[in-house]
């Protein structure tokens with residue numbers, strides 16, 4: 001549980017009052033945008049990974065927990081791109097052009113890090129294929145054909161460029177359950193013990209391509225019909241540059257048309273597919289604004305690429321203090337594509353990621369045995385800011401609308417160079433005075449906005465090895481100035497404005513001073529706020545753009561890799 005502070009109590013009481021008002025409140029809520037999650041929960045006891053050998057099982061390891069050794073909860077993930085709700089891109093089936101094979105082409109290089117961000121979203125067009133569910137022999141997929149799309153078009157409108165065509169069978173809603181019951185989701189179909197999952201056939205993909213559709217989704221376990229049409233269907237769409245969501249869920253919560261649908265996932269270098277978070281926004285004017293931005297390609301990607309030769313996780317300031325290095329693990333070779341299928345072992349805060357309240361806060365009822373130095377910091381913090389608080393809000397419990405909203409970009413670049421070398425390691429601090437100066441010039445910060453600090457740190461320093469020391473190592477060791485970061489006072493001030501998400505294009509929101517960093521994270525967690533860290537490209541963002549971030553839906557995770565974009 002999170003300790004409830006006065007502003008949150010007020011919000012809850014207001015919500016109760018609106019609920020009691022009945023029809024009036026319901027009518028008003030229809031005009032407000034609502035976020036709908038379409039992602040499966042990733043957890044070891046769920047059938048979240050492909051069950052065939054040698055695909056690795058998902059694992060989450062508690063590398064550190066809050067206590068004498070660490071002031072933070074730190075997790076390590078072993079995750080394959082075919083885990084939970086996932087994204088497929090052309091190299092899944094299209095070979096590289098240099099291979100000069102029948103299925104070779106330029107799209108064989110369109111990996112997860114090179115797909116243009118406008119293609120991740122668009123107007124959801126829900127094609128109802130529930131009549132196909134389980135209407136096939138064991139081990140065989142019932143097929144969605146061009147006639148199913150034409151049926152949709154006759155009832156609604158013609159599908160077109162800018163649409164995300166979603167095939168709704170309710171398969172994942174019914175069969176994605178904890179094991180062993182969850183064997184029905186994939187394993188039983190592969191072993192011919194149950195009917196296959198409904199999927200489009202190759203002709204349906206060709207039909208959509210002719211309509212100009214570039215993004216598709218299914219709530220089946222894969223876009224590949226069993227037993228022998230998986231590759232033909234994949235290639236039929238991917239050869240046109242399509243991308244799609246596999247293993248979506250909750251498509252029944254969507255209106256047939258009119259919602260903005262999006263899928264965002266970690267930006268793995270050379271990824272032919274990747275784990276992702278799928279969601280939609282329905283109601284009010286916001287969906288049409290986002291649909292228009294995506295269709296007209298007014299979208300900016302804010303997430304750096306994840307690669308083993310880039311400094312995407314902290315090396316720490318001393319021996320034994322490093323986070324898990326980002327590793328690519330090859331496990332299955334595709335001779336035709338000349339490519340290894342691969343998983344990743346990584347810190348849950350590798351690259352662009354979420355900071356949930358439970359990162360620095362213990363659960364209710366626990367009294368961590370901090371080391372003496374941290375106990376002193378906590379005493380100092382609580383004298384100034386009140387109780388540190390507790391939280392069990394891990395990543396999967398953070399509402400999607402907490403990490404999205406109209407963005408306000410605060411330029412922290414003038415602070416660079418403001419500390420003296422004899423004080424290093426030190427970070428320039430973004431203070432309440434800086435926030436007030438911004439408001440005086442650009443207008444008051446408002447409830448629900450995402451505050452994005454533009455430090456320029458990663459744009460300047462994010463470089464491959466051996467030129468990678470400027471991101472983390474040199475600032476942490478006092479060899480260069482640290483990145484600009486907000487202090488706890490600034491976080492409390494932003495909470496008073498109704499801001500619940502704070503983002504930065506620096507490595508983190510804490511800075512290089514461990515005392516001030518911990519106080520900043522305590523302030524975030526204790527005030528029911530979240531952070532989004534490790535962004536870049538912020539110079540292309542303007543206040544008033546719409547910020548979208550989503551972390552992987554991993555149960556009990558104290559971080560959360562994901563991707564951030566802005567739409568104009």
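Being farther than 30 Å from residue 440 by Cα, touching a residue at least 24 places away in the same chain (Cβ under 8 Å) and touching a helix residue (DSSP H, G or I) at 6+ places or on another chain (Cβ under 7 Å): is that true of residue 338 here?
yes
Being part of a loop (DSSP other than H, G, I, E, B) and surrounded by 17 or more Cβ atoms within 10 Å (Cβ to Cβ) is the filter here; which residues of the stretch 124-139 pass it?
Passing the criteria: 129, 133, 136.
Give the residue, chosen from 252, 270, 217, 241, that is over 27 Å from residue 291 (Cα atoms), touching a residue at least 60 places away in the same chain (Cβ under 8 Å) and within 27 Å of the chain's Cα centre (by Cα).
Unique residue meeting the criteria: 270.
Could you tell me which residue of the stretch 328-372 is surrounded by the most Cβ atoms within 10 Å (Cβ to Cβ), considering only residues that are over 25 Å from the mean Cα position of the chain (by Cα) and part of a strand (DSSP E or B)?
Within the stretch 328-372, the match that is surrounded by the most Cβ atoms within 10 Å (Cβ to Cβ) is 339.
Among the residues of the stretch 223-241, is any part of a strand (DSSP E or B) and buried (at least 18 other Cβ atoms within 10 Å of the Cβ)?
no
Show the residue pairs that are 6+ apart or on different chains and have beta-carbon atoms under 6 Å apart, the first residue being within the stretch 425-443 and on the phi < 0 side of the Ramachandran plot, the second being loosely packed, with under 14 Cβ neighbours inside 10 Å.
Correct list of pairs: 428/418.
Using the structure shown, decide if residue 395 is modelled with pLDDT of 95 or more, under 30 Å from residue 269 (Cβ atoms) and assigned by TED's automatic domain parsing to the domain that holds residue 528.
yes
Among the listed residues 160, 101, which satisfies the condition of being without any contact (Cβ under 8 Å) to a residue 60 or more places away in the chain and in a loop (DSSP other than H, G, I, E, B)?
160 is the lone residue from the list that is without any contact (Cβ under 8 Å) to a residue 60 or more places away in the chain and in a loop (DSSP other than H, G, I, E, B).
Where the second residue is at pLDDT 95 or above and surrounded by fewer than 23 Cβ atoms within 10 Å (Cβ to Cβ) and the first is at positive phi and part of a strand (DSSP E or B) and lies in the stretch 398-412, which pairs have Cβ atoms under 7 Å and are six or more apart or on separate chains?
Short answer, once both residue conditions are applied: 405/448; 405/449.
Give me the pairs, please: first residue somewhere in the stretch 124-148 and on the phi < 0 side of the Ramachandran plot and assigned by TED's automatic domain parsing to the domain that holds residue 164, second residue anywhere and buried (at least 23 other Cβ atoms within 10 Å of the Cβ) and assigned to a helix (DSSP H, G or I), beta-carbon distance under 7 Å, and either six or more positions apart or on two chains.
126/251; 127/149; 133/171; 144/204; 145/204; 146/204
What number of residues in the stretch 373-395 are part of a helix (DSSP H, G or I) and loosely packed, with under 15 Cβ neighbours inside 10 Å?
Final tally of qualifying residues: 8.
Of 184, 192, 168, 211, which residue is more than 26 Å from residue 338 (Cβ to Cβ) and without any contact (Cβ under 8 Å) to a residue 12 or more places away in the chain?
Unique residue meeting the criteria: 184.
Which residues, taken from the stretch 51-91, are closer than 26 Å to residue 184 by Cβ, more than 21 Å from the chain's Cα centre (by Cα) and either in the same structural domain as residue 171 (by TED's automatic domain parsing) or in contact (Cβ under 8 Å) with a residue 60 or more places away in the chain (or both)?
Of everything in the stretch 51-91, those that are closer than 26 Å to residue 184 by Cβ, more than 21 Å from the chain's Cα centre (by Cα) and either in the same structural domain as residue 171 (by TED's automatic domain parsing) or in contact (Cβ under 8 Å) with a residue 60 or more places away in the chain (or both) turn out to be 51, 52, 54, 55, 56.
Looking at residue 406, is it over 30 Å from residue 479 (Cα atoms), assigned by TED's automatic domain parsing to the domain that holds residue 463, surrounded by fewer than 23 Cβ atoms within 10 Å (Cβ to Cβ) and touching a strand residue (DSSP E or B) at 6+ places or on another chain (Cβ under 8 Å)?
Considered against the rule, which asks whether it is over 30 Å from residue 479 (Cα atoms), assigned by TED's automatic domain parsing to the domain that holds residue 463, surrounded by fewer than 23 Cβ atoms within 10 Å (Cβ to Cβ) and touching a strand residue (DSSP E or B) at 6+ places or on another chain (Cβ under 8 Å), residue 406 comes out as yes.
The values are calculated or read from the model by the stated rules, or taken from the named source; none is laboratory data. Predicted model, so just to flag it, every value in this text is computed and none were measured. For neighbour counting, all protein chains shown are included, and Cβ atoms are generated from backbone atoms with ideal geometry for every residue, glycine included.
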